[in-house]
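Enquirer: Dumping the structure here so I can ask a few things about it.
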Amino acid sequence: MNTFNNFKVSTKMFIGFLTILILMVIVSGIALFQIIRIQTTVTHLADHLASNQHLADQLVAKILQVRLHVNRYIFEHKPESLTRSKEEIANLATLLAKADENITDQTQVNLLTHIKADVQTYENSFAEITKLMAERNQIFVEILEVQGPLAEEKLEQLRDQALQANDATTSFYAGNLQQALLLMRLEVFKYLKAGDIQQIPKFEAHYQEAQVAVKKLDETLKANSTLHQLAQATNTAINLYHQNFLGLQTAYARQNQLIETQLDKLGSQVRKTSADLSDRIATEFANANQATQALETQTWKHLLITLSIAILIGLGLGIAISRSITVPLATVVEMTNQIMIGNLIQPAAVNNEIRQVTARGDEMGEIGRAFEALASYIQTLIADIVQVSQGLAAGNLQVTPQAEYRGDYARIKTALEIASTNLKPVIDDLVQIAQGLVKGNLRVTPKAEYRGDFVQIKTALTTALADLSQVIADIVQVSQSLAEGKQRVVAQAEYRGDFVQVKTALETASTKLVVATAKNATQDWLKTGQTLLNEQMRGEQTVITLAKNIITFLTPYVEAQVGVFYLWDPVHEGKREISQLKLVASYAYTQRKGLPTEFQLGEGLIGQAALEQQIILVTDVPDDYIHIESGLGEAVPQNLLVMPFLYENTVKGVIELGAFHAMTEIQLEFLKQVMLNIGIAVNTAESRTKMQTLLQKIQ
């Protein structure tokens, strides 16, 4: 084993690959030999048995198709079914010829010969059936369909002439003969349609009825030669019809005999023989396939045995090669891990393994010796770095490296010396900045000279001081603006990191303040308007004065430009009372020629609003509807609001407001709220007036 360990890694790898290559050649040779045997068997299956099996299956399917279309033609009597049957028979003949060329096994050839003979007999029988059906159809078309209508025509003539001669007896027997003839034709149609032999006795019974009627006519019409001749012609046509129907029965019986003795039996026999042929080929195919599977199993067995031996040999060789590499590598890795966790003094077990590695003569021994020297040198450097770090940690900024730093490691020594030199002014500057912030001095700035990465400390300090100053100044200005009652106060400074929460809180407080202020203003406006309106309606006022005060207050309060007040005014015409809405007060309203000041219930927007007891809002006012006049001219309001006011579900009047702008939701809400108070006030004023009038009448 020691001799193997002293081999070079390249030599070990070459021996391993050469051994594996020899084993792969052996396995490949065995596999190739067995594959050639399997290929020969599979070729036989694919080229002969599989093709013959496919042909046999096609024969079975084609025979079934031939029988299907032949039976369909016999049942339907359609020309397209006959054409399709002949096509399928021709296709079956082509398939039999192809099978005759490909099938060579003597047993299978004998079965194929029987199939061909039966198919030929089947084809001949079908041809005879086709001929019988054609002849039967010819008899039906050329004779039965001629003699039947001819007999009916003669009977019609006979009945017509008998009726003209007032011969009731002849007309009666002629009617019986015509009925028997029609029933005979009906039974013929049923027989031809279904082939039911039960229709034949019925046909014969109707024929006998016809003969009885003919006999009666013959006895009755002996004195009338013309009618007697018509009766004889009718009887001749009926007898010819009967005679040819008997011929049809013979053809139909022959057809049924051929179907039962030839088509049905031969069809089943051909299908069974074809199925036997398919089964024999399938059996041979299964035997060949079983032999192929056995050969395949044997091949896998040989391959597995050979491959197992090759794997065992290769595995043993691989383990030997890998252990000669991985064992020393594991020792070096363990030593590296110990160094990585800071354990520069290796355990005795690791040292013993390292000595075994360094004693080897291959590349792994060289790696072990180099790594041992590196570990010793790193241990010396780390010890020196530790003593410098400990000095700095103890506050000794004059500490210096003592070990010998070689090559790139010399930069560590230089860095340690520079760090000791540059660290003191940075620490002093940080102390003076921290002291300034503790005292609340945001204008304190770094004063020392920062180098290298220490520049980031200076930049961070400067940025932090600047951002903190901006945030505090912005918080002050936002707080002052909120304290002064300003709305929509927005933070101006740029907030970063956790300071963003401060900005979010300030903006949220400003938004909520705006919403609360707007809501309070709306409620104040609604309550103020209701209070002021109640003051206008307070006291003992006449209805006209009250209407004037209401319209004069409402119009400017909701920022409308014109207002009209209509009062429900009952008018008496004799004993009948006619109620109407009458204009009693207005604001900035100019009466125009042709515009009414009184409206009936349902008349115009005023009467419609009173009728529906609903507010009507119009946004496209006609130019000639209402005008607003001032010292600057005359204009038409673009928005019109018509509102009925009620008292105990009774309309007391209507207020109409016109404005250049659309009413806001708050203004509409205010108007809806005060309509009830207006209705109460108007009703109170009217009641007071009625009471005063009543008192005056009493006095």
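Enquirer: Starting from segment 522-547, take each residue that is free of Cβ contacts under 8 Å to residues at least 12 places away in the same chain and list its partners that are not aromatic (F, W, Y), counting only C-beta distances under 9 angstrom and pairs at least six apart or across chains.
Expert: The qualifying pairs are R538/A681; T545/A585; T545/A685.
Enquirer: Would you call A560 small (G, A, S) and modelled with pLDDT under 90?
Expert: no
Enquirer: Is it the case that L177 is assigned by TED's automatic domain parsing to the domain that holds N137, farther than 29 Å from M133 by Cβ, in contact with a Ser or Thr (Cβ under 8 Å, 6 or more places away or on another chain) and modelled with pLDDT under 80?
Expert: No; evaluated as a whole, the condition is false for this residue.
Enquirer: Now a separate question. Can A223 be described as within 15 Å of Q161 (Cα to Cα), assigned by TED's automatic domain parsing to the domain that holds Q164 and either not basic (K, R) or not in a helix (DSSP H, G or I) (or both)?
Expert: It is true that A223 is within 15 Å of Q161 (Cα to Cα), assigned by TED's automatic domain parsing to the domain that holds Q164 and either not basic (K, R) or not in a helix (DSSP H, G or I) (or both).
Enquirer: I'd like the residue in segment 578-630 that is charged (D, E, K, R) and either touching a helix residue (DSSP H, G or I) at 6+ places or on another chain (Cβ under 7 Å) or at pLDDT 80 or above (or both) and, out of all such residues, is surrounded by the fewest Cβ atoms within 10 Å (Cβ to Cβ).
Expert: Looking at residues that are charged (D, E, K, R) and either touching a helix residue (DSSP H, G or I) at 6+ places or on another chain (Cβ under 7 Å) or at pLDDT 80 or above (or both), I get E612.
Enquirer: Somewhere in segment 108-121, is a residue small (G, A, S) and at pLDDT below 80?
Expert: no
Enquirer: A follow-up question, please. For segment 528-546, indicate whether the set of residues that are in the same structural domain as A588 (by TED's automatic domain parsing), within 29 Å of T619 (Cβ to Cβ) and touching a strand residue (DSSP E or B) at 6+ places or on another chain (Cβ under 6 Å) is non-empty.
Expert: no
Enquirer: OK, next. In segment 164-219, how many are under 17 Å from A233 (Cβ atoms) and among the small types (G, A, S)?
Expert: 4
Enquirer: So which helices (runs of 4 or more DSSP H) stay within segment 1-94 end to end and still have 1 or more residues that are modelled with pLDDT of 70 or more?
Expert: Working: elements: 2-5, 9-44, 50-76.
Once the helices (runs of 4 or more DSSP H) in segment 1-94 are filtered for at least 1 residues that are modelled with pLDDT of 70 or more, what remains is 9-44, 50-76.
Enquirer: Contact list please: Cβ distance under 9 Å, first residue in segment 10-22 and farther than 10 Å from G318 by Cα and of a type outside the set (A, V, I, L, M), second residue modelled with pLDDT of 75 or more and in a helix (DSSP H, G or I), pairs at least six apart or on different chains.
Expert: Final answer for the pair search is T19/I313.
Enquirer: Next question, about the same structure. For segment 645-688, enumerate the residues that are part of a loop (DSSP other than H, G, I, E, B) and under 57 Å from the mean Cα position of the chain (by Cα).
Expert: Result: N649, F660, H661, A662, M663, T664.
The values are calculated or read from the model by the stated rules, or taken from the named source; none is laboratory data. In this text the structure is predicted, and so the values were computed from the model without any measurement. Here the Cβ is made from the backbone with ideal geometry for all residues, glycine too, and neighbour counts use every protein chain on show.
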